[in-house]
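Working notes, beginning with the structure itself.
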Amino acid sequence: MIGNAALVTGAASPLGAAMALALADLGFNLALQDVASTVNLAEQVRSKGRKAVAMEADMQDAAQLDALVSDASEGLGGPLTCLINSTAPLSPDALVTLSRAEWDQSMDAALWAPLRLAQRFAQQAPKGMRAQNGEPFAQNLILNIIDQRVSDCAPDFMTHSIAAAGLKAFTKTAALDLAPDIRVNAIGLGPQRPGQYQFAAHASDQRFTGEGFANFSEVATAVRYFSQAPAVTGQLMSVRVE
């Protein structure tokens with residue numbers, strides 16, 4: 001298993017909390033970022049005997065974004081060995097009405113922010129270890145969370161669909177660039193429960209066409225797998241629950 005200090009972005013969401021608690025169960029100390037409070041989640045992590053710091057940071061603020069990794073490692077008392085990029089604000093847009101400002105805002109949040117955090121993470125990550133056979137052993141992990149638009153493009157979420165495809169490509173290229181010290185993988189989420197931008201009827205259609213809803217416990221299982229698979233990098237695991 002890799003080291004025991006992780007930064008989870010978007011941790012105030014049910015998905016972020018599920019992933020954070022899964023890492024806590026594996027022995028990770030956690031820095032928990034969101035624009036909303038993660039104080040209650042931090043208490044849950046501490047109840048498991050782990051260290052936790054709650055960080056209210058805006059990923060679209062350049063200064064806060066640049067300082068996030070160093071603040072997290074300082075709060076946990078050592079270098080981070082795991083980064084989960086799980087912050088991608090979702091808002092509808094379309095080709096015929098899309099403005100440059102909307103494009104920049106979406107790309108900054110969904111693509112530049114995880115890339116910048118990966119840069120900062122790589123600069124402070126411990127060097128990889130070597131297994132008994134002398135082969136490099138990556139003790140560090142970056143895990144990008146991507147929704148179903150990586151394979152099911154949505155014209156009413158134009159920039160988000162493009163950013164999801166970009167994050168998938170970034171996962172593969174970063175895995176090559178950062179090997180052997182850091183592994184980079186992704187989890188592709190299936191449809192989630194009806195929310196602000198999804199009607200119940202559409203969600204029902206997705207279930208009956210076999211796509212299913214993303215189940216947070218299944219995503220947590222995928223997080224546990226990647227954290228304990230030192231030979232796996234550059235991979236996208238799709239989580240679609242029937």
* Asked: Do we have any residue at all in the range 114-124 that's aromatic (Phe, Trp, Tyr) and farther than 19 Å from Ala175 by Cβ?
  -> no
* Considering every residue within the range 110-124, establish whether at least one is of a type outside the set (Phe, Trp, Tyr), out of contact with any helix residue (DSSP H, G or I) (no Cβ under 7 Å at 6 or more places or on another chain) and modelled with pLDDT under 95. => no
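For (1) surrounded by 14 or more Cβ atoms within 10 Å (Cβ to Cβ); (2) modelled with pLDDT of 70 or more; (3) assigned to a loop (DSSP other than H, G, I, E, B), each residue gets a yes or a no:
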residue	(1), (2), (3)
Ile162	yes, yes, no
Thr173	no, yes, no
Asn185	yes, yes, no
Gly188	yes, yes, no
Asp205	no, no, no
* **In the range 70-101, the residues that are more than 20 Å from Arg116 (Cβ to Cβ) and in contact (Cβ under 8 Å) with a residue 24 or more places away in the chain** => Gly77, Gly78, Ser91, Pro92, Asp93, Ala94, Leu95, Leu98
* To do: Restricting attention to the range 102-112, report how many residues are in contact (Cβ under 8 Å) with a residue 12 or more places away in the chain and within 20 Å of the chain's Cα centre (by Cα).
  => 7
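The values are calculated or read from the model by the stated rules, or taken from the named source; none is laboratory data. Predicted, not measured: the structure shown is a model, and the values here were computed from it. We place every Cβ from the backbone using ideal geometry, glycine too, and count neighbours over all the protein chains shown.
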